[in-house]
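Okay, handing you the structure first.
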Amino acid sequence: GQNIDQPTEMTATEGAIVQINCTYQTSGFNGLFWYQQHAGEAPTFLSYNVLDGLEEKGRFSSFLSRSKGYSYLLLKELQMKDSASYLCAVNDYKLSFGAGTTVTVRA
Amino acid sequence: DTAVSQTPKYLVTQMGNDKSIKCEQNLGHDTMYWYKQDSKKFLKIMFSYNNKELIINETVPNRFSPKSPDKAHLNLHINSLELGDSAVYFCASSGLLVRGGIDEQFFGPGTRLTVL
């Protein structure tokens with residue numbers, strides 16, 4: 001079976017940094033995705049990690065440790081538009097999603 | 001041009017009715033999916049088709065029947081709708097990675113189904 005855990009909610013201030021953790025225990029693994037979903041909209045792709053280490057993409061970075069079953073998404077220089085739900089998903093010929101972390105950015 | 005489109009965007013219907021949701025992608029992907037996102041925002045896969053062939057069928061009541069007339073279309077028909085079917089249904093498509101697993105998924109805008 002698949003077990004994917006992430007915090008339910010996080011709040012941070014504009015300009016700050018927030019780290020969203022994701023731990024997983026899954027029967028198969030071909031990488032881990034992070035998606036962003038604004039309220040009332042579809043999920044959109046943020047990052048994909050298949051090897052251990054850090055992937056950086058502008059203000060967003062994602063880290064993976066396969067031996068620890070652990071990933072995090074780092075959001076830097078937070079902006080109000082970053083208020084959204086962030087979904088961690090394990091890739092094994094289908095995506096198994098975590099329940100999502102709702103990030104609220106305050107002015 | 002919209003990559004993945006779904007119709008309708010909103011669907012309000014009575015319990016017991018039958019309804020369909022249509023999905024089309026113009027990305028040239030071989031694989032398409034249906035997801036259900038409930039009120040707790042949990043996104044769960046229902047079905048996946050690869051080149052018109054069903055490859056994933058998660059524990060979904062047989063009132064739900066997907067149909068893929070070609071690899072660019074994946075429709076979802078729901079019979080005898082129940083209150084618990086109220087949710088947002090997302091269609092998605094992706095390619096497959098050579099090393100295994102699926103590539104980035106592109107999601108449609110979603111269909112918000114409300115069963116009264």
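The values are calculated or read from the model by the stated rules, or taken from the named source; none is laboratory data. These numbers come from a predicted model, not from an experiment. Please note: Cβ atoms are built from the backbone with ideal geometry, for glycine as well, and neighbour counts cover all protein chains shown. For the accessible areas, the whole protein counts, side chains as well, though only heavy atoms, and no ligand, DNA or RNA atoms are used. Shrake-Rupley method; radii C 1.70, N 1.55, O 1.52, S 1.80 Å.
For chain B, what is the accessible area per residue in Å², given a 1.4 Å probe and the full set of protein chains?
For chain B, the solvent-accessible area averages 50 Å² per residue.
Report, as a whole number in µm² per second, the diffusion coefficient that Stokes-Einstein gives for segment B:9-64 at 37 °C and 0.692 mPa s using the Kirkwood radius over alpha carbon pairs.
246
Here is a further query. Over all alpha-carbon pairs of segment B:61-116, lay out the pair-distance distribution in 5 Å bins, whole %, shortest bin first.
All Cα pairs, binned at 5 Å, distribute as 4, 15, 19, 22, 18, 12, 7, 2, 1, 0 percent.
Note the per residue figure in Å³ for the convex hull of the C-alpha positions in segment A:60-107.
Per residue, the Cα convex hull of segment A:60-107 comes to 89 Å³.
Taking all protein chains as present, what is the carbon and sulfur share of the accessible area of the protein assembly as shown, in % to the nearest whole number, probe 1.4 Å?
Here it works out to 50 percent.
Also, quick follow-up: Under 37 °C and 0.692 mPa s, how fast does chain B diffuse according to Stokes-Einstein, given a Kirkwood radius computed over C-alpha pairs? Answer in µm²/s, whole number.
The Stokes-Einstein estimate is 231 µm²/s.
Can you tell me the Rg and the Dmax, both Å, for the Cα atoms in the protein assembly as shown?
Reported Rg and Dmax, both Å: 17.6, 51.
For segment B:1-20, list residues with backbone N below 19 Å from a point placed 7 Å from the Cα of B:Leu83 toward its Cβ?
Only B:12-18 fall inside the zone, counting backbone N under 19 Å.
If you average 1/r over every pair of different alpha-carbon atoms in segment A:45-85 and take one over that average, what Kirkwood value in Å do you get?
With all distinct Cα pairs of segment A:45-85 included, I get 11.1 Å.
Could you give the distance between the Cα centres of segment B:39-63 and segment A:5-27, to the whole Å?
26
Here's a follow-up. Can you give the Rg/Rh ratio of chain A, where Rg is from the C-alpha atoms and Rh is the Kirkwood radius?
We get a ratio of 0.95 for chain A.
Taking 35 Å as R0, compute the FRET efficiency from the Cβ-Cβ separation of B:Val60 and A:Lys81 and round it to 0.05.
After rounding, the FRET efficiency stands at 0.50.
Of the listed pairs A:Lys76/B:Lys44; B:Lys9/B:Lys41; B:Lys9/B:Lys36; B:Lys22/B:Lys44, which have alpha-carbon separations greater than 22 Å here?
Pairs exceeding 22 Å: A:Lys76/B:Lys44.
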